[in-house]
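Accompanying notes for the structure given below.
The values are calculated or read from the model by the stated rules, or taken from the named source; none is laboratory data. Predicted, not measured: the structure shown is a model, and the values here were computed from it. FYI the Cβ positions are ideal-geometry reconstructions off the backbone, even for glycines, and counts take in every protein chain you see. Please note that ligands, DNA and RNA were not included when accessible areas were found on the heavy atoms of the full protein model with its side chains. Shrake-Rupley method; radii C 1.70, N 1.55, O 1.52, S 1.80 Å.
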Amino acid sequence: ELSSAVQGTGLSDAATGGLPCVSGGPFLDQATAGQAVGRLERLGFTSRQRASRDDVWVGQWVRVENLATAEDAANALQALKAAGIADAYVLADEPPGNVVSLGVFGDPAKAAEASAAAQKAGFTTLTEDRFRQADVFWLDVDRRANEGLPGLEVFQGDGAQPTRVELRPCPVATQTVTPVAGTP
């Protein structure tokens, strides 16, 4: 049986069967990582903090693509603003063709609202996750003897962080890193 740490993470059954360590993150700052360290410690887990440069989720980008001309894009922009999408703007240099961006939304419900408003105005929208490179922190936790690994909820906390926390197998090289200060 898989521990809750790897269920729903996209890790294969074969990869998780003997998973010795799980990395939780990315955390955008040390304070947020420190809060997760505290939650882990209260449950009896020790962790190692690891700095990394990774892609982090910014939000969902909603847009109208493939407008034939710059004039079509300008007309679409005007119609979208009239439909209540005040922050829309034209990306004239986006391939293929002219694109009107409705915004990047950290809240998926807001992205769905913008998409629905544009569709109601007669446009076809495309919604995609957007990422950016950032310096982040991961917490690596080794499997406890006969007790498994912590679940994703331990790393997530209250969900106030504007990025998605996930679980991955620890990189092999991190298994010799010193534990976070204050942990045994």
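Numbers at a glance
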item	result
Condition met for GLU71 (farther than 30 Å from GLY148 by Cα, open to solvent by 40 Å² or more (accessible area, probe 1.4 Å) and either outside any helix (DSSP H, G or I) or touching a Pro at 6+ places or on another chain (Cβ under 8 Å) (or both))	no
Any hit, segment 87-96, residues being assigned to a loop (DSSP other than H, G, I, E, B) and at pLDDT 90 or above	yes
Matching residues, segment 35-66, being under 13 Å from PHE137 (Cβ atoms) and either free of Cβ contacts under 8 Å to residues at least 40 places away in the same chain or in contact with a helix residue (DSSP H, G or I) (Cβ under 7 Å, 6 or more places away or on another chain) (or both)	ALA36, SER47, ARG48, GLN49, ARG50
Where VAL6 falls short, out of the listed (1) at pLDDT 85 or above; (2) closer than 13 Å to PHE155 by Cα; (3) open to solvent by less than 60 Å² (accessible area, probe 1.4 Å); (4) not acidic (Asp, Glu)	(1)
Single unsatisfied condition, ALA86 versus (1) in contact with a strand residue (DSSP E or B) (Cβ under 8 Å, 6 or more places away or on another chain); (2) free of Cβ contacts under 8 Å to residues at least 24 places away in the same chain	(1)
Unmet requirement for ARG143, which otherwise passes all of (1) free of Cβ contacts under 8 Å to residues at least 60 places away in the same chain; (2) surrounded by fewer than 20 Cβ atoms within 10 Å (Cβ to Cβ)	(1)
Qualifying residue in segment 111-125 (condition: basic (Lys, Arg), open to solvent by 40 Å² or more (accessible area, probe 1.4 Å) and in contact (Cβ under 8 Å) with a residue 40 or more places away in the chain)	no
Options GLN49, GLN78; residue that is open to solvent by 20 Å² or more (accessible area, probe 1.4 Å), modelled with pLDDT of 90 or more and within 30 Å of GLN156 (Cα to Cα)	GLN49
